[in-house]
Amino acid sequence: MQGFNTLLYKECLRFWKVGFQTVLSPVLTAVLYLLIFGHVLEDHVQPYPGVNYTAFLVPGLVMMTVLQNAFANSSSSLIQSKITGNIVFVLLPPISYREFYSAYVIAAVLRGAMCGLGVLLVSLPFVSFNIAEPVWIVAFTLLGGAFLASLGVIAGIWADKFDQLAAFQNFLIMPLTMLSGVFYSIHSLPVFWQGVSHFNPFFFMIDGFRYGFFGVSDVSPWTSIGVVTVCFVVLAVITLQMLGRGYKLRA
């Protein structure tokens, strides 16, 4: 396990040494969303009975931050290593592809969780709520973060330059995140768009995570955890196959 521990330490140190950019910056962005949307819609929208809009918004922003930063960590690390050429120093040591995958995913989940916790702590002066089901919060944080970290590994392996990675993030990750119910309940949408939302795995991550705070959600948390688990397993298998074959990593 020495190779795995070293790689995990390297990945964690990579984002921690630039914490202002990798942790504090996403927290600031989420807080700006909270201030702007909360101020504009607080008196006009009540998503759930007895839950004001600002309180509803916070879990969505926390989970959005977790997902986006988990993806960013694993994908940016791989693409930077490929472009600079130092990926060879990771591939040459006797580290199995399972250890390789685990180190990148765990580091990405850790960064996402730290960013999400930062958003939650900074939002406390603006809203108060009782956490109804903390187990669900932890479960969706870990599964959602691992799902996006795996997707980040795939994107980092596939992309040959930063433009390709940016396209992956701007045209897939960002739209799916913004249309996942972070800023609204899907019950406020027309029936057709409610159905479309159920094909977005990000919706189940956000909705299940929000259930942990309020004990209410748009769909059953068991349905959400099932969908997220299946999606993660599928992505994990695909990622491990790519790593096992050395796709775009080994000549």
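A few remarks follow.
- Subset of the stretch 13-46 (residues that are among the β-branched types (Val, Ile, Thr) and open to solvent by less than 50 Å² (accessible area, probe 1.4 Å)): Thr22, Val23, Val27, Val31
- Those residues of the stretch 1-12 which are loosely packed, with under 15 Cβ neighbours inside 10 Å and within 19 Å of the chain's Cα centre (by Cα), in sequence order: none
- Residues located in the stretch 202-221, provided they are in contact (Cβ under 8 Å) with a residue 40 or more places away in the chain and either among the polar types (S, T, N, Q) or in contact with a strand residue (DSSP E or B) (Cβ under 8 Å, 6 or more places away or on another chain) (or both): Phe214, Val216
- Test: Leu165 is touching a helix residue (DSSP H, G or I) at 6+ places or on another chain (Cβ under 7 Å), at negative phi and at pLDDT 95 or above: no
- Of all residues in the stretch 141-174 being more than 13 Å from the chain's Cα centre (by Cα) and among the small types (Gly, Ala, Ser), the one that is farthest from Gly208 (Cα to Cα): Ala159
For (1) in a helix (DSSP H, G or I); (2) within 17 Å of the chain's Cα centre (by Cα); (3) basic (Lys, Arg), each residue gets a yes or a no:
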position	(1), (2), (3)
Phe203	yes, yes, no
Arg210	yes, yes, yes
Val219	no, no, no
Phe232	yes, yes, no
Leu243	yes, no, no
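- On the stretch given as the stretch 225-249, residues that are modelled with pLDDT under 95 and among the small types (Gly, Ala, Ser) total 2.
- Filtered residues of the stretch 175-201 (kept if hydroxyl-bearing (Ser, Thr, Tyr) and either in contact with a strand residue (DSSP E or B) (Cβ under 7 Å, 6 or more places away or on another chain) or not in a helix (DSSP H, G or I) (or both)): Ser180, Tyr184, Ser185
- Selection status of Gly38, modelled with pLDDT under 90, part of a helix (DSSP H, G or I), within 30 Å of Tyr101 (Cα to Cα) and not aliphatic (A, V, I, L, M): no
- Inter-residue pairs, beta-carbon under 9 Å, first more than 25 Å from Thr141 (Cα to Cα) and surrounded by fewer than 18 Cβ atoms within 10 Å (Cβ to Cβ) and in the stretch 222-249, second among the acidic types (Asp, Glu) and at pLDDT below 95, 6+ apart: Lys248/Asp160
- Sole exception among (1) aromatic (Phe, Trp, Tyr); (2) modelled with pLDDT under 90; (3) open to solvent by 40 Å² or more (accessible area, probe 1.4 Å) for Phe183, by number: (3)
- Of all residues in the stretch 47-63, those that are open to solvent by 10 Å² or more (accessible area, probe 1.4 Å) and of a type in the set (A, V, I, L, M, F, W, C) total 1.
- The residues in the stretch 87-107 that are under 12 Å from Glu11 (Cβ atoms) and without any contact (Cβ under 8 Å) to a residue 12 or more places away in the chain can be counted, and the count is 0.
- Lone qualifier among Thr84, Thr54, Thr65 - being within 20 Å of Val138 (Cβ to Cβ) and β-branched (Val, Ile, Thr): Thr65
The values are calculated or read from the model by the stated rules, or taken from the named source; none is laboratory data. For clarity, every value in this text was computed on a predicted model and none was experimentally measured. Methodologically, a virtual Cβ is constructed for each residue, glycine included, from the backbone with ideal geometry; neighbour enumeration extends over all protein chains shown. Heads up: the accessible areas ignore ligands, DNA and RNA and are worked out on the full protein's heavy atoms, side chains in. Shrake-Rupley method; radii C 1.70, N 1.55, O 1.52, S 1.80 Å.
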